[in-house]
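Shown next, in structure tokens, is the structure this report addresses.
The values are calculated or read from the model by the stated rules, or taken from the named source; none is laboratory data. All figures in this text were calculated on a predicted structure; none of them were measured in a lab. Ideal geometry is used to build each Cβ from the backbone, glycine not excepted, and the neighbour counts take in all protein chains shown.
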Amino acid sequence: MRQPKLIDYILLTFLALIWASAFFNIKIATYSYGPITIAFLRVFFGAIPVLLLCFYKKIKIEAFSKDWHWFAMIGFINLVAPFFLISYGVKSVQSNLAAILMSTTPLSSTVLGHFFTKNEKFNLIKTFGILIGFSGIVYLFSDSLLINDNNFISALLILLGSTCYVIGGVLTLKISKKKNENVTGSILIWAIIILIPLVSFIEKPWNLNPSMESTVSVIYLGVVSTGLAWLLRFRILKNNGLIFQSQVSYLIPIFGIILSYIFLKEMITSKILVSLTAVLIGLYFVKKADFKKFI
């Protein structure tokens, strides 16, 4: 991989902004749409730029090949389940809280990686980082101003959504030799197939009278936060590798808190700041251990 240039750091920051902006847009989308409808519209609009890129680059989509069951399973675990869980959870909690909870994904992936891969075992630095990071989340749950008996389960569902991303990532290793664009396009197709009957029979979105604000947000979630963000991620991975791209984890919760305050005037409590600091410190030590492994 080449040495990162200024443009690479700009693109990384832009990717973090896009992903961080998803949280307050999910909140706005929940004002008019149900969680299944939000999940469906995200994958539908997100599939458009990815599939157009595959068509332009003449990349074969293998959604219905002999590996279809892997694409279907990953589509459900990596897209359908987390998109639904996060949307359901954000309806009852602040979006900045969701940004912090979702930032634990690299910590969870480190835990699962220890048990399900050969080369991602715990060491002292990683263990310290994981303990610090998750202690921040435990502390966040003690903030009675934000999490109470009415939305405690919703906050847990967002955490479960972040775990789904991790499990989906582990399953993706089974088809890791395939092109990223092909895998993403294929799992998006299967996510759409899975969600069509669910959204049709459960939420019946054609009966809704959504606001323009919510509609713009849900289209943004699909086209920008899902489709274009994945394409930008591909570019960063190709040019700079996974270690560089993973630094986006530090920026997402910070931007998420700032954006939710600007657009939704959400509270920023002292416990949010302490929890965020602990999570970032935890991420730092986990990434430091990974970096040492590659040098």
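Kindly list the number of the only condition in (1) modelled with pLDDT of 95 or more; (2) closer than 14 Å to Leu41 by Cα; (3) not aliphatic (A, V, I, L, M) that fails for Trp206.
The one condition Trp206 does not meet is (1).
Determine which single condition Leu124 fails, assuming it passes every other condition in (1) in contact (Cβ under 8 Å) with a residue 12 or more places away in the chain; (2) farther than 20 Å from Ile272 by Cβ.
The failed condition is (1).
Taking Ser92 as the residue in question, decide whether it is closer than 24 Å to Ile272 by Cα and either without any contact (Cβ under 8 Å) to a residue 40 or more places away in the chain or outside any helix (DSSP H, G or I) (or both).
yes
List the pairs whose first member sits in the range 143-169 and is of a type in the set (D, E, K, R), whose second member is not in a helix (DSSP H, G or I), and whose Cβ atoms are under 6 Å apart, counting only residues at least 6 apart or on separate chains?
Cβ pairs passing all conditions: Asp143/Thr269.
Go over the candidates Phe76, Phe45, Phe40 one by one and state the one that is surrounded by 24 or more Cβ atoms within 10 Å (Cβ to Cβ), part of a helix (DSSP H, G or I), within 22 Å of the chain's Cα centre (by Cα) and of a type in the set (Phe, Trp, Tyr).
Phe40
Between Val223, Val286, which is modelled with pLDDT of 95 or more and out of contact with any strand residue (DSSP E or B) (no Cβ under 6 Å at 6 or more places or on another chain)?
Val223
Taking Glu203 and the conditions (1) surrounded by 20 or more Cβ atoms within 10 Å (Cβ to Cβ); (2) more than 15 Å from the chain's Cα centre (by Cα), which numbered condition does it fall short on, given that it satisfies the others?
Checking Glu203 against (1) surrounded by 20 or more Cβ atoms within 10 Å (Cβ to Cβ); (2) more than 15 Å from the chain's Cα centre (by Cα), the one that fails is (1).
Quick check on the range 138-153: of everything there that is surrounded by fewer than 20 Cβ atoms within 10 Å (Cβ to Cβ) and in a helix (DSSP H, G or I), which residue is farthest from the chain's Cα centre (by Cα)?
Filtering first and then ranking leaves Tyr139.
Every residue, every condition in (1) among the charged types (D, E, K, R); (2) under 27 Å from Ile28 (Cα atoms), yes or no:
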site	(1), (2)
Trp206	no, yes
Ser214	no, yes
Tyr220	no, yes
Leu228	no, yes
Leu237	no, no
Ile268	no, yes
Val279	no, yes
Leu283	no, no
Lys287	yes, no
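Please state which one of Ser249, Ser217 is at pLDDT 95 or above and of a type outside the set (Asp, Glu).
Ser217
If Ile7 meets every condition in (1) free of Cβ contacts under 8 Å to residues at least 12 places away in the same chain; (2) of a type in the set (Val, Ile, Thr); (3) crowded, with 21+ Cβ neighbours inside 10 Å apart from one, which number is that one?
Ile7 satisfies all of (1) free of Cβ contacts under 8 Å to residues at least 12 places away in the same chain; (2) of a type in the set (Val, Ile, Thr); (3) crowded, with 21+ Cβ neighbours inside 10 Å except (3).
Looking for something under 23 Å from Ile193 (Cα atoms) and of a type in the set (Val, Ile, Thr) - is there at least one such residue anywhere in the range 82-100?
Yes, that holds for at least one residue.
Given Phe285, Phe263, which one is crowded, with 18+ Cβ neighbours inside 10 Å and of a type in the set (Phe, Trp, Tyr)?
Phe285
Please report, ordered by residue number, the helices (runs of 4 or more DSSP H) entirely within the range 213-295 with at least 2 residues that are under 15 Å from Ala22 (Cα atoms) and over 15 Å from the mean Cα position of the chain (by Cα).
248-264
Picking from Ala63, Ala22, which residue would you name as being under 18 Å from the mean Cα position of the chain (by Cα) and at pLDDT 95 or above?
So the residue among Ala63, Ala22 that is under 18 Å from the mean Cα position of the chain (by Cα) and at pLDDT 95 or above is Ala22.
With respect to Phe244, is the statement that it is surrounded by fewer than 22 Cβ atoms within 10 Å (Cβ to Cβ) and modelled with pLDDT of 95 or more true?
no
Looking at Leu17, Leu52, which is the one that is under 13 Å from the mean Cα position of the chain (by Cα), surrounded by fewer than 21 Cβ atoms within 10 Å (Cβ to Cβ) and assigned to a helix (DSSP H, G or I)?
Of the residues listed, the single one that is under 13 Å from the mean Cα position of the chain (by Cα), surrounded by fewer than 21 Cβ atoms within 10 Å (Cβ to Cβ) and assigned to a helix (DSSP H, G or I) is Leu17.
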